[in-house]
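No value in this document is a laboratory result; all are computed from the given coordinates. Since this is a predicted model, take the numbers as computed values, not measurements. Positions of Cβ are backbone-derived with ideal geometry, glycine not excepted, and every protein chain shown enters the neighbour counts.
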Amino acid sequence: MCEGEFIDSAISAPSTTTTNMTPSPSTTTTMTVTETVSVDPVIKEQFLAAELEEVNRLRELAKKDTWKPTIVWRNVALFAMLHAGALVGLYQYVFMAKWLTCLWCLVCWTISGVGITAGSHRLWSHKSYKAKMPLRIILVAMNCVSFQNDIIEWSRDHRCHHKWTDTDADPHNVNRGFFFSHMGWLLCRKHPKIKEMGAKLDLSDLTSDPILAFQRKYYLPLVVLFCFLMPTAVPVYFWRENALVAFYTAALLRYAVTLHATWLINSAAHTFGYRPYDVNISPVESVWTTVTAFGEGGHNYHHSFPQDYRTSEMSALFNFTKLFIDFFAAIGWAYDLKTASEESISRQQLKQLEEVRKQYEANQHRDTTTTTTKQKAQ
């Protein structure tokens, strides 16, 4: 599918409406009506569309789940040391680093961020566009600067997140709390459901990619080189920055900032914002996380249209990753850019207005019924 050809989709989760009917002061009848909202057949053709029936099943199972997480103290120690180093780097960035080093930190932050957004996320996790060999090599190198697990593992976790959002099969399930969805999920053992459901995913497109296989095989030396040595060496070699200042700012501080920018999409972009495309899911539209994560904050849109390479309808000013992909599309290195049609986007938004109206009327009816029941009881 080339840019200009469109994904047409309509997404909505099944909804349950509970209505209290009170025929007399002494009798209260509760009627639960489960409304199954149909999903357009074409949505099933959209890669990584949520499996709504499986999501509902997993949520029911979670109510009986007695599993307790096990803290991985090694990870706790490593992240504690990283953040201590990042605080030192923040002080040096403000008071000691040369202006070229400060600029270099921003450059490294952009490189590492786009290595995630244009690479691990939009290209390999969602297959929202295709890339020729030179661009794929560039993106793998940029991804190594970010140091957020190799692309195969990152993409597997992200595919679990989209297929079974906010369930025990979601690695950073927001229902387990803001901190857990932000970084807590990296400080404890994964829930068994992640391994069980993740095994059902077809990752052959990732494991058969020789570039990704190379990255996975040599991942640790690659991240030592790209995430720590290279960001430190450039300021020291080119403008004689102090080696420790370069390391604490361009490596540790920049790395910590990149991590939190990504993590905020898992936490804040599932909590604080608005939902114009699907009111029944946790992802939201969040402008400020769009800025910090180079265009990833249009999360309600992204979960509604997961194979749209733009990931949002926000202006290009807030979507640097789209500009990056568009540039390489212009020179022929990126192609088959997938987008959602304007018609399907508008239809989806109109459906949400109707859904909000139904929810409002249901709430009004429930409140009225509750008030009437209390008055009669008195």
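Some notes on this structure:
- Inter-centroid distance (Cα atoms) of region 225-256 relative to region 145-201, Å: 30
- Region 309-349: C-alpha gyration tensor shape, a/c 1.5 cut-off, then a/b vs b/c: oblate
- Cα gyration tensor shape of region 156-289, rounded if a/c is under 1.5, else prolate or oblate by comparing a/b with b/c: oblate
- Under-5 Å amide H pairs with Ala340, H placed in peptide plane, nonlocal only: Ile7
- Amide H contacts for Cys188 (H built 1.01 Å from N in the peptide plane; partners 5 or more residues away or on another chain; cut-off under 5 Å): Val72.
- The phi torsions of region 98-113, fed into the Karplus equation with coefficients 6.51, -1.76 and 1.60 and a -60° offset, translate into couplings of 5, 4, 5, 5, 4, 5, 4, 4, 5, 5, 5, 4, 5, 4, 5, x Hz, rounded to whole numbers, with Gly and Pro shown as x.
- Each semi-axis of the equivalent ellipsoid for region 73-274 is √(5λ) with λ an eigenvalue of the Cα gyration tensor; in descending order they amount to 30, 21, 14 Å.
- ³J(HN,Hα) computed for each position of region 188-198 - Karplus, 6.51 cos²θ - 1.76 cosθ + 1.60, integer Hz, glycine/proline x: 9, 5, 6, 5, x, 5, 5, 5, 5, 6, x
- Charge dipole (Cα centre; +1 on Lys/Arg Cβ, -1 on Asp/Glu Cβ; no other charges) of region 150-271 amounts to roughly 200 debye.
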